[in-house]
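S.K.: My structure is below; once you've seen it, I'll send some questions.
The values are calculated or read from the model by the stated rules, or taken from the named source; none is laboratory data. Given the structure is predicted, the values throughout are model-derived calculations rather than measurements. Using ideal geometry, Cβ is built from the backbone for each residue, glycine included, and neighbour counts are taken over all protein chains shown. The accessibility values were calculated without ligands, DNA or RNA, using every heavy atom of the protein model including side chains. Shrake-Rupley method; radii C 1.70, N 1.55, O 1.52, S 1.80 Å.
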Amino acid sequence: MVQLIKNQRHKTHAVKVRNVTIGGDAPVVVQSMTNTDTADIEKTFEQVRDLHLAGSEIVRVTVNNEDAAKGVIALRERLDAEGLDVPLAGCFHYNGHTLLNENAELCQALDKYRINPGNVGFGAKRDKQFEMMIEKAVEYNKAVRIGVNWGSLDQELATKLMDENAQRSNNGEEPWSADAVMRETLVQSAIISASKAEAIGLRPDQIILSAKVSRVQDLIAVYTSLAERSHYALHLGLTEAGMASKGIVATALGEGILLNQGIGDTIRASLTPEPGGDRTLEVRVCKEILQSLGLRDFSPEVAACPGCGRTTSTFFQELAQDIQHHLDQSMLVWKKEYPGVETLKVAVMGCIVNGPGESKHADIGISLPGTGESPAAPVFIDGKKACTLRGDNIANEFQMLVEDYIRNRFTSDQPGEKAQAS
C-alpha cells in the first residue's frame, strides 16, 4: 500500500496577535503588506480593507516617520469604525525606537511590531534602541516579529563568523562557503535577538522569528535550522521573490516544501506588483499554497483538464472559469449560510477519456463531450451518475445543480455547524 507521508507540525509557541493566533496548534496564518504611503489614510485604509477581504488575516504597514505613525493611529480608528477587526503590524527600520517612545497611541494601535536587528541601530546605540522597542512591546503586551534579512545582516556578527570561518583552514578544517556563513549569520542573529528580547522581559509567546532570503534553497536551509534550534513561531517568506510567474513559483516552492515538512506558522508571498496590478494577488497565492497542501480550505476547488486534441472546443474551459468565478464571488455569503462549503470539490472535464473518472472523484462533476463525441454531458454527484445534460443550456443547468448540491449538503440547523454529506 502506498501511504501519504505527512510530516508532523513543528511545535512552536502560540502567539496572540489581536484576534489571530500564530503558532501552537493554530492553522497557518496568511499575511500581506500595504504598499501605500501610510500617511495617506484613505488609500491605506482601502488597501488594508481589500487585502483583509481577500483573506489576509494580518496586514503590515510601513511606519517610517511621524506622519506615518499618525496615519496608523487614524487607520486603526477607521478600521474599528467600519467593523474591520484586522490586526495591524508595524514595520520599523532605523527610527522605530523614537516613533514608539514618542507615540503612546501608536504603541496601542499596532498589534505587532516588526523589528530587524540588522538596522535597528548601529554601534553602541544598537542594543539600547533594540531594548527601547522591546520594552514598549512588553509594556503594551504586543507581539514582536524579529525579522532578520540577508540584505541587512548584523555586520558585527557576520564579521565574527567570517573570522571564525577563516580559522577553519588553520585548524585543518574545510572552510564554509560564503553562502553558508551568510545563512548561519541569519539563524544566529534571529535566535540571539530573541534571547535578548526575553532577557528584557518579552515572553516566548510574544516572539515570532523570520529570516528573509531571496533564493529557495537558502530559505529551506535557514528555516530548517531555525526549527531545529528553537520553538519560536516562524514567519515564512521569500523576500524579493520577483514578478509574475517567477515570484509565484519561487514562493510556492520554498514555502510549500517547508510547510510540507511541518515548518511555518504564518506566510506571506512577497511578490513584486506589476504597475497598477492587484495587490491581493499575494494573498490569493498564499491561500492556494495552503489549500494545495491540504493545510487549510478557503474556497471550493474546481478541477479541470488541461485540454488536448480531443478538446478543440473551448467550452469546457469557459465553463470551468465561469464556475470558479461564481464560487469565488459567492463565498462571502456562502461561508455564513453553508458551513463547510469551502471543502467542496467540483470537476469540469473536457472529454470521455478521464472525464467520467475524474468527475466521480469530485463531490459534483461533469464530463463534457470532446471533439466528435456524442453531444451529451453526464453529471456525477457523490461518485454516482445523477443525470445527463444535453442541448444549448448545459452551462446554466450544471451551475444550478452545483448550487442545489451546496444547499442540500452544507445547510445546517445551527450556525457554525458543518452539515454532514448526504
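S.K.: How tilted is helix 41-54 with respect to the longest principal axis of the chain? Cα atoms for both, answer in degrees (0 to 90, nearest 10).
M.R.: 50 degrees
S.K.: Out of residues 5 or more away from Gly242 or on other chains, whose amide H comes under 5 Å of its own, with H placed 1.01 Å from N in the peptide plane?
M.R.: Here Thr272 satisfy the definition.
S.K.: What is the sum of charges around Lys142, taking Lys and Arg as +1, Asp and Glu as -1, for the other residues whose C-beta is under 14 Å from the C-beta of Lys142?
M.R.: +4
S.K.: Per residue of region 230-237, what does 6.51 cos²θ - 1.76 cosθ + 1.60 with θ = phi - 60° give for ³J(HN,Hα)? Whole Hz please, x for Gly and Pro, Karplus curve as stated.
M.R.: In residue order, the calculated couplings are 8, 10, 6, 4, 10, 9, 8, x Hz.
S.K.: Taking Cα atoms, how many degrees apart are the long axis of helix 66-81 and the longest axis of the chain, rounded to 10 and kept between 0 and 90?
M.R.: For helix 66-81, the angle is close to 40 degrees.
S.K.: Divide, for region 132-223, the radius of gyration over alpha carbons by 2.2 N^0.38 Å, where N is the residue count.
M.R.: 1.25
S.K.: A further question follows. Would you work out which of Asn141, Trp176, Leu153 lies farthest towards the positive end of the dipole of region 138-192? Charges go on Cβ: Lys and Arg +1, Asp and Glu -1.
M.R.: Asn141
S.K.: Further question on the same structure: With contacts defined as alpha carbon pairs under 8 Å and 6 or more residues apart, what's the relative contact order of region 125-214 in percent?
M.R.: Answer for region 125-214 is 50 percent.
S.K.: Which value in nm describes the separation of the simple spin-label points at Glu318 and Thr224, placed 7 Å from the Cα toward the beta carbon?
M.R.: 4.9 nm
S.K.: On a C-alpha basis, how far is the centre of region 231-299 from the centre of region 307-343 in Å? Whole number, if you could?
M.R.: For region 231-299 versus region 307-343, the Cα centre distance is 22 Å.
S.K.: Could you work out [θ]222 nm for the chain from helices alone, using -39500 (n - 2.57) per DSSP H run of at least four and dividing by all its residues? Round to the nearest 500 deg cm²/dmol.
M.R.: Calculated from helices alone, the mean residue ellipticity at 222 nm is -14500 deg cm²/dmol.
S.K.: Among the chymotrypsin sites (Phe, Trp or Tyr not before Pro) in region 120-210, which ones are in a DSSP loop with at most 12 other Cβ atoms within 10 Å of the Cβ? Mind listing them?
M.R.: Loop-located and lightly packed - Phe122.
S.K.: Quick one: if you stick a label point 7 Å off each Cα along the C-beta vector at Asp37 and Leu53, how many nm between them?
M.R.: About 2.5 nm separates the two model spin labels.
S.K.: Counting DSSP beta bridges with both partners in region 260-399, what percentage is antiparallel, nearest 5?
M.R.: Once the DSSP bridges in region 260-399 are tallied, antiparallel ones form about 50 percent.
S.K.: Report the gain in length on full extension from Lys125 to Asn408: 0.36 nm times residue separation, minus Cα-Cα distance, nm rounded to one decimal.
M.R.: Computed gain between Lys125 and Asn408 is 95.4 nm.
S.K.: Rounded to the nearest 20 debye, what is the charge dipole size of the chain about its Cα centre when +1 sits on each Lys and Arg Cβ and -1 on each Asp and Glu Cβ?
M.R.: So the dipole magnitude of the chain works out to roughly 720 debye.
S.K.: Testing the spin-label approximation: label points 7 Å from Cα along Cα→Cβ at Lys385 and Val333. State their distance in nm.
M.R.: Taking the simple label geometry, Lys385 and Val333 are separated by 3.4 nm.
S.K.: Moving on to the next point. Per residue, how much accessible surface does the chain expose to a 1.4 Å probe? Answer in Å², no decimals.
M.R.: Per residue, the chain has an accessible area of 48 Å².
S.K.: Any number yet on Rg/Rh for region 206-347, C-alpha, Kirkwood?
M.R.: 1.03
S.K.: Output the relative contact order of the chain, whole-number percent, from Cα pairs under 8 angstrom with separation of 6+ residues.
M.R.: Relative contact order for the chain comes out at 12 percent.
S.K.: For region 1-80, treating each Cα as an identical point scatterer without solvent, what Debye log10 I(q)/I(0) comes out at q = 0.11, 0.19, 0.22 1/Å?
M.R.: So the normalised log intensities work out to -0.41, -0.85, -1.01.
S.K.: Could you report the accessible area of His231 in Å², rounded to 10, computed with a 1.4 Å probe on the protein chains as they sit in the structure?
M.R.: We get 110 Å² for His231.
S.K.: Let me ask another. Mind giving me the FRET efficiency for Asn65 and Lys160? R0 is 30 Å, r the Cβ-Cβ distance, nearest 0.05 is fine.
M.R.: 0.35
S.K.: Loop-only GluC sites (Glu not before Pro) in region 57-102, please: DSSP not H, G, I, E or B, and at most 12 other Cβ atoms within 10 Å.
M.R.: Glu82
S.K.: Could you please state how large a percent of the accessible area of region 102-146 is carbon and sulfur, counting protein chains only and using a 1.4 Å probe?
M.R.: 47 percent
S.K.: Roughly to the nearest percent, how much of the accessible area of region 189-249 is carbon and sulfur, given a 1.4 Å probe?
M.R.: Carbon and sulfur: 59 percent of the exposed surface of region 189-249.
S.K.: Could I ask something else about it? On the principal axes of its Cα set, how long, how wide and how thick is region 84-136? Give whole Å, largest value first.
M.R.: 41, 19, 14
S.K.: Another question, then. List the residues, sorted by chain then number, that are 5 or more residues from Leu389 or on another chain and whose placed amide H is less than 5 Å from its amide H.
M.R.: Ala377, Val379
S.K.: OK, next. Could you give me the radius of gyration and the Dmax of region 315-388, taking only the C-alpha atoms into account and expressing both in angstrom?
M.R.: 13.2, 43
S.K.: Compute the projected area of the convex hull of the Cα atoms of the chain, averaged over all viewing directions, and report it in nm² to one decimal place.
M.R.: 25.6 nm²
S.K.: Can you tell me the Rg and Dmax of region 49-106, counting just the alpha carbons, in angstroms?
M.R.: Calculated on Cα positions, Rg and Dmax stand at 11.9, 34 Å.
S.K.: Right, something else. To the nearest 20 Debye, how big is the dipole of region 338-414 about its Cα centre, given +1 on the beta carbon of each Lys and Arg and -1 on that of each Asp and Glu?
M.R.: Using only the charged Cβ atoms, the result is roughly 200 debye.
S.K.: Next question, about the same structure. Under a no-solvent Debye model with one identical scatterer per Cα of region 79-175, what's log10 I(q)/I(0) at q = 0.22, 0.25 Å⁻¹?
M.R.: Debye intensities relative to I(0), on a log10 scale: -1.07, -1.25.
S.K.: Here's a follow-up. Tell me the carbon and sulfur percent of the accessible area for region 18-86, rounded to whole percent, probe radius 1.4 Å.
M.R.: Taking all protein chains in place, region 18-86 shows 45 percent carbon and sulfur surface.
S.K.: Give the angle, between 0 and 90 degrees and rounded to the nearest 10, that separates the Cα long axis of helix 244-260 from the longest principal axis of the Cα atoms of the chain.
M.R.: 80 degrees
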